[in-house]
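Report on one structure; see the data block that follows.
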Amino acid sequence: MVDVTKWPIFSLMGPQELSAIRKACVFGTSANEAIYITNDDEVYVFGLNCSNCLGTGDSQSTIVPKKLDFLSGRKVVSLNYGSGPHILLATEDGELFAWGHNGYSQLGNGTTNQGVAPVLVSANLLNKKVTEVACGSHHSMALTDSGEVYAWGYNNCGQVGSGSTANQPTPRRVSSCLQNKVAVSIVCGQTSSLAVVDNGEVYGWGYNGNGQLGLGNNGNQLTPCRLVALQGLCVQQIVSGYAHSLALTDEGLLYAWGANTYGQLGTGNKSNQLSPVQIMTEKERIVEIAACHSTHTSAAKTQSGQVYMWGQCRGQSIVLPHLTHFTCTDDVFACFATPSVMWRLLSMEHDDFLTVAQSLKKEFDNPETADLKFCVDGKYIYVHKAVLKIRCEHFRSMFQSHWNEDMKEVIEIDQFSYPVYRSFLEFLYTDNVELPPEDAIGLLDLATSYCENRLKRLCQHIIKRGITGRKRLLPAVGCCAL
């Protein structure tokens, strides 16, 4: 589960407050505003309150979270923010609310007055159920459950997709090439827009000076255009940075295009790309990509849980995907993006995705899935033959050379103690040994007997550490005795 205190704005909150958070989003020009939803669907905000983006009804900043009573009890399903900032929020009932900066009518209420509190956006959306929202710098988009895309706000580059460059004061359906298409996802760059339709095609419109629409040229587009370069691919996820874009296919392939001043495309250089190019070709399958319109940072997660980052990372330009120790793409933005905003509405709920290593660890000593058990000192340890054969030469020989044990469902062990043998089997599942030094001696004997050299080294390290610890205690004991 993600730790929201990695974002400094949350660091003053106590354990009880933090435990109540179900979803959260950090935004603002300096990541100095935040909104979060509690387990009982209360909405709270705090921070600097630029352009009334907290929606509290006034322009006062607050370091103490304030509840937005108007949104109390509404289940939030999508939230996004612009550069002003302005905020869009969609509920489970399909209602759309907006507040904050409105200099370009990005709140969709037909005016340019600041939105000091959440207001229902209803123009042209009556009887429509909004399922997803997206914000550019000063324009807005909404996706309905029927696959229609609506856009409004600043339109100097055609990012609203209306066919002109006139600002759009209220939501307007984006038609043209999308007229008979069913959109399933939408994202915004600073002044560009992208949509994925149900057959995996990608369409782009708006500013294209850096090639962020992926059309093979750098001309702005006033209406949606299909990315022909991705023809034949089924795109499942798209994200946009400030002026670059990433796409992930159903086969786990990653494509990038657009601005590359900071290496945010991950191509190994800083040259812009007018058309999508595949990156991370030598890596394993990609399962998630991340970018945000207010940053030049990119991130990706592989099927084994490895997280990579590239682009502008704490002032450095990283031109190739760099492997991190993070467990999720959100951590990249907390620790290395400028500003350190959240690239999505972050869920605090447990992620069902488990890496291979996590899955193996979870299945150790699990009687429900095991096909073999060891009996040591009268206690059972449940394991899987396949794992033992893959991880240990001793067991590979045992189960492939017609030993008597190969036919047994229970194998009796009498030459080693239960703690020692359990630690050994757990090591085969986790690569870790957690054992006191006195038991590590027995495990060292086992490792020697089974020719497990890495396990021998781990045991020797544990024993050595135990001896060192005792030596440190001896002078203190001597002094006390005196």
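Do we find a residue being more than 19 Å from LEU346 (Cβ to Cβ) and among the polar types (S, T, N, Q) anywhere in region 30-42?
The answer is no, given that none of the residues of region 30-42 is more than 19 Å from LEU346 (Cβ to Cβ) and among the polar types (S, T, N, Q).
Give the residues of region 329-352 that are modelled with pLDDT of 95 or more and farther than 18 Å from LEU265 by Cβ, sorted by residue number.
Of everything in region 329-352, those that are modelled with pLDDT of 95 or more and farther than 18 Å from LEU265 by Cβ turn out to be ASP330, ASP331, ALA334, CYS335, PRO339, SER340, VAL341, MET342, ARG344, LEU345, LEU346.
Does region 202-214 hold any residues that are over 23 Å from the mean Cα position of the chain (by Cα), crowded, with 21+ Cβ neighbours inside 10 Å and part of a loop (DSSP other than H, G, I, E, B), and which are they?
TYR207, ASN208, ASN210, GLY211, LEU213, GLY214, listed by residue number.
Would you pick out the residues in region 175-193 that are modelled with pLDDT under 95 and either surrounded by 24 or more Cβ atoms within 10 Å (Cβ to Cβ) or of a type in the set (A, V, I, L, M, F, W, C) (or both)?
CYS177
If you scan region 97-112, which residues turn out to be part of a strand (DSSP E or B) and under 14 Å from PRO85 (Cα atoms)?
ALA98, TRP99, GLY100
What strands (runs of 3 or more DSSP E) completely inside region 249-360 contain at least 3 residues that are touching a strand residue (DSSP E or B) at 6+ places or on another chain (Cβ under 7 Å) and either aromatic (Phe, Trp, Tyr) or crowded, with 20+ Cβ neighbours inside 10 Å (or both)?
254-258, 273-279, 286-290, 297-302, 307-313
What about ARG396, is it free of Cβ contacts under 8 Å to residues at least 12 places away in the same chain, outside any loop (DSSP other than H, G, I, E, B) and under 37 Å from the mean Cα position of the chain (by Cα)?
The answer is no for ARG396.
Can you name the residue in region 129-177 that is among the aromatic types (Phe, Trp, Tyr) and not in a loop (DSSP other than H, G, I, E, B) and is also farthest from ALA195 (Cα to Cα) among such residues?
Top of the filtered list is TRP152.
Each row is one residue, and each column tells you yes or no for (1) of a type outside the set (Gly, Ala, Ser); (2) more than 24 Å from SER19 (Cα to Cα); (3) in contact (Cβ under 8 Å) with a residue 40 or more places away in the chain.
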position	(1), (2), (3)
LYS301	yes, yes, no
ARG314	yes, yes, no
SER317	no, yes, yes
PRO321	yes, yes, yes
THR329	yes, no, yes
ALA334	no, no, yes
THR338	yes, yes, yes
ALA357	no, yes, yes
THR369	yes, yes, no
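Of everything in region 215-251, what is closer than 21 Å to GLU284 by Cβ and either among the charged types (D, E, K, R) or modelled with pLDDT under 95 (or both)? Give them in sequence order.
Passing the criteria: ASP250, GLU251.
Taking into account only those residues within region 92-101 that are touching a residue at least 24 places away in the same chain (Cβ under 8 Å) and of a type outside the set (Gly, Ala, Ser), which is surrounded by the fewest Cβ atoms within 10 Å (Cβ to Cβ)?
ASP93
Inside region 371-387, can you point out the residues that are in a loop (DSSP other than H, G, I, E, B) and either farther than 30 Å from CYS328 by Cα or charged (D, E, K, R) (or both)?
Correct list: ASP371, ASP377, GLY378.
Before we move on, is VAL184 assigned to a strand (DSSP E or B), closer than 19 Å to LEU125 by Cα and either touching a residue at least 60 places away in the same chain (Cβ under 8 Å) or in the same structural domain as VAL130 (by TED's automatic domain parsing) (or both)?
Here the answer is yes, as VAL184 does meet what is asked.
Only one residue in LEU194, LEU227, LEU222 is more than 26 Å from the chain's Cα centre (by Cα), under 22 Å from ASN155 (Cβ atoms) and aliphatic (A, V, I, L, M). Which one?
Sole residue among the options that is more than 26 Å from the chain's Cα centre (by Cα), under 22 Å from ASN155 (Cβ atoms) and aliphatic (A, V, I, L, M): LEU222.
Scan region 106-119 for residues that are surrounded by fewer than 24 Cβ atoms within 10 Å (Cβ to Cβ) and closer than 16 Å to ARG172 by Cα and report the count.
Selection size over region 106-119: 3.
Can you find even one residue in region 55-74 that is modelled with pLDDT of 95 or more, surrounded by fewer than 20 Cβ atoms within 10 Å (Cβ to Cβ), more than 29 Å from THR338 (Cβ to Cβ) and touching a Phe, Trp or Tyr at 6+ places or on another chain (Cβ under 6 Å)?
yes
The values are calculated or read from the model by the stated rules, or taken from the named source; none is laboratory data. Given the structure is predicted, the values throughout are model-derived calculations rather than measurements. Reconstructed Cβ throughout: ideal geometry from the backbone, glycine too, with neighbour counts over all protein chains shown.
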